[in-house]
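Novice: Here you go, one structure.
FYI, it's all coordinate maths here, none of it is from the lab. Predicted model, so just to flag it, every value in this text is computed and none were measured. Using ideal geometry, Cβ is built from the backbone for each residue, glycine included, and neighbour counts are taken over all protein chains shown.
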Amino acid sequence: MNYKKLLCGQLYDGLEDRLRPHQEILIGDGTILEVGPHTAAPQGCRVVDLSALTVTPGMIDAHVHASFFDWREIGKDVVYYSDGMRALAVAECARKALSGGFTTIRHVGWFRQDYSLDVKRAIEAGYIQGARMVVAPHFLCTPGSHGDTTQSIAVNPALSNFLEGQYPTMGTGADFFRNAVRHEVKIGADFIKIMATGGFFTPNDSPEDIQLSDDELRSIIDTAHALHTTVTAHAYTAQLVSKLADMGIDGIEHASLADREAIHRLEDRDIYVVPTLCPYDEIVLLDEEKLSQKSPEFRRKLYHYRDRLVESRRLLLDSNLRLGYGTDLVVGYQNYECGREYSAWLRNGVDPYRALKAATAENARILGLSHQIGTIEPGKLADVAAWGRDLLRDHTALLDCAFVMKEGREVPSRSMLY
């Protein structure tokens with residue numbers, strides 16, 4: 001057996017809300033064997049000295065759109081990006097996320113084909129290096145919705161309508177979406193992602209739109225559950241969040257305009273929320289420099305909904321919800337800068353331990369991987385990261401990875417502070 005021992009200056013294990021000093025982690029063949037102040041020392045064990053660092057489980061980002069190289073080029077995707085280009089971008093995002101200490105990312109779909117499942121399989125087979133991927137390859141959405149980027153060329157109806165045909169899971173009617181779920185599961189989707197409402201990023205819709213009928217929503221959720229697959233939905237408002245909760249949705253992405261009653265409904269049904277604070281942090285905290293990088297339509301919507309975004313954020317963070325950690329970076333930052341969300345949580349007054357738990361143990365539960373990752377304890381895969389900054393006080397700490405290991409294999413780390 002190939003043994004390694006990590007000497008930790010401090011250890012956050014994902015199990016307790018504390019940093020334990022001077023701990024050791026014994027690893028054998030990619031699995032954690034022992035954790036404590038004094039672990040065994042098998043013959044041939046290689047010692048890795050992390051005594052100047054704070055060690056954590058490998059971090060998990062539960063809301064990544066991995067299908068682009070640079071956020072400034074997203075507008076080119078509609079016409080100029082090929083499927084192969086998107087696949088290369090997914091692989092690069094996974095590689096850079098891993099180097100930043102995020103050993104697992106959850107790819108929550110893209111508008112068109114990106115071969116993200118193939119990238120996931122190549123990583124699992126060891127052909128390429130990257131974060132472990134949990135994948136919903138395509139959005140389930142309707143024409144003209146937040147999942148339809150041909151909105152941006154709607155002034156050319158012939159081209160826009162032609163390109164709609166390149167979106168394999170965009171359509172209309174309960175039967176269409178029932179079959180779309182079946183096809184997504186057939187090709188290997190780990191979960192189903194619904195674009196249930198409009199958004200801030202797309203130009204011609206509203207975050208208050210409900211863009212699928214009740215029959216369509218039920219057909220998606222019921223079909224996925226019949227196939228033992230979970231469903232999460234891009235949803236903002238109290239009305240839609242409550243509707244989806246009553247239909248049995250497994251999770252909600254954003255919930256950024258939810259009210260107290262809708263949040264209580266989610267709590268009662270133990271439905272998780274990945275609140276993605278980062279994309280709305282600029283308007284909540286009024287960062288005019290970052291706001292200026294967004295499109296005029298995006299800025300207009302953010303200013304219009306600011307008061308509701310602020311209040312809903314307060315309610316979400318004060319709740320007893322199962323909150324996951326997800327970045328949803330598509331404007332202003334690169335999609336692999338997964339530590340940005342930690343900065344948002346801490347700058348919004350969240351207890352650092354709650355943020356750390358969201359990015360480790362809670363996200364592992366959301367992804368259905370808590371039997372493998374998310375905590376530092378015997379029997380789990382040796383996904384480990386280490387950080388030189390103060391995790392409890394420095395909101396930039398998760399942007400500055402000093403060490404990363406996935407399944408017992410060390411990979412080069414990198415800082416995202418530049």
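Novice: Please determine, in degrees from 0 to 90 and to the nearest 10, the orientation of helix 83-99 with respect to the longest principal axis defined by the Cα atoms of the chain, where the helix direction is its Cα long axis.
Specialist: Taking Cα atoms only, the helix is inclined about 30 degrees.
Novice: Less than 10 Å Cβ to Cβ from K5, Lys/Arg counted +1 and Asp/Glu -1: what total charge do the surrounding residues give?
Specialist: Once positives and negatives cancel, what remains is -1.
Novice: Follow-up. Estimate the FRET efficiency between A52 and R269 by the formula 1/(1 + (r/R0)^6), using the beta-carbon distance for r and 45 Å for R0, to the nearest 0.05.
Specialist: Computed FRET efficiency for A52 and R269: 0.50.
Novice: Continuing with the same structure: Any aspartates and glutamates with Cα under 17 Å of the K186 Cα? List them, leaving off those in the same chain fewer than 8 positions away.
Specialist: In chain and number order, the partners are D114, D118, D175, D222.
Novice: Between K290 and N156, 0.36 nm times their residue separation minus their Cα-Cα distance comes to what?
Specialist: Between K290 and N156, full extension yields an extra 45.1 nm.
Novice: If you plug each phi of region 364-380 into the Karplus form 6.51 cos²θ - 1.76 cosθ + 1.60 with θ = phi - 60°, what whole-Hz ³J(HN,Hα) values come out, in order, with x for Gly and Pro?
Specialist: With the stated coefficients, region 364-380 comes to 4, 5, 4, 7, x, 10, 5, 6, 10, 9, x, 9, 9, 7, x, x, 7 Hz.
Novice: Round to the nearest 0.05 the FRET efficiency obtained for R393 and Q239 when R0 = 51 Å and r is the Cβ-Cβ distance.
Specialist: It comes out at approximately 0.85.
Novice: What ranking do V79, V241, V185 get, fewest neighbouring Cβ atoms within 10 angstrom at the top?
Specialist: Lowest count first: V79, V185, V241.
Novice: What is the order of V384, V331, fewest Cβ neighbours within 10 Å to most?
Specialist: So the residues, fewest neighbours to most, are V331, V384.
Novice: Step through the residues of region 68-74 one at a time and calculate ³J(HN,Hα) from phi using the Karplus curve (6.51 cos²θ - 1.76 cosθ + 1.60, θ = phi - 60°), rounding each to whole Hz and writing x for Gly and Pro.
Specialist: Coupling constants for region 68-74: 9, 7, 8, 4, 6, 10, 4 Hz.
Novice: What percent antiparallel are the DSSP beta bridges of the chain, to the nearest 5?
Specialist: Percent antiparallel among DSSP bridges in the chain is about 45.
Novice: Residues with beta-carbon under 13 Å from that of L244, excluding L244: net charge, scoring Lys, Arg +1 and Asp, Glu -1?
Specialist: Computed value for this residue: -1.
Novice: From the phi of every residue in region 392-407, what ³J(HN,Hα) in whole Hz does the Karplus formula 6.51 cos²θ - 1.76 cosθ + 1.60 yield, where θ is phi - 60° and glycine or proline is x?
Specialist: So the J values, rounded to whole Hz, are 8, 10, 9, 5, 8, 4, 7, 9, 9, 6, 10, 6, 8, 9, 10, 6.
Novice: Sum -39500 (n - 2.57) across every DSSP H segment of at least 4 residues in the chain, then divide by the residue count to get the 222 nm mean residue ellipticity, nearest 500.
Specialist: So the calculated ellipticity at 222 nm is -9000 deg cm²/dmol.
Novice: Here's another thing I want to ask about it. How do H65, H183 line up, fewest other C-beta atoms within 10 Å first?
Specialist: Ordered from fewest to most neighbouring Cβ atoms within 10 Å, H65, H183 come out as H183, H65.
Novice: Go through Y167, V90, L244 and say which Cα lies farthest out towards the positive end of the charge dipole of region 59-366; charges sit on Cβ, +1 for Lys and Arg, -1 for Asp and Glu.
Specialist: It is V90, whose Cα lies furthest towards the positive end.
Novice: Roughly how large, in nm² to one decimal, is the mean projection of the convex hull of the alpha-carbon atoms in region 59-366?
Specialist: Dividing the Cα hull surface by four gives the mean projection, 14.2 nm².
Novice: Give me the distance in nm between label points sitting 7 Å out from Cα along the Cα-to-Cβ direction at A226 and D118, one decimal.
Specialist: Each label point is offset 7 Å from its Cα along the Cβ direction, giving 3.1 nm.
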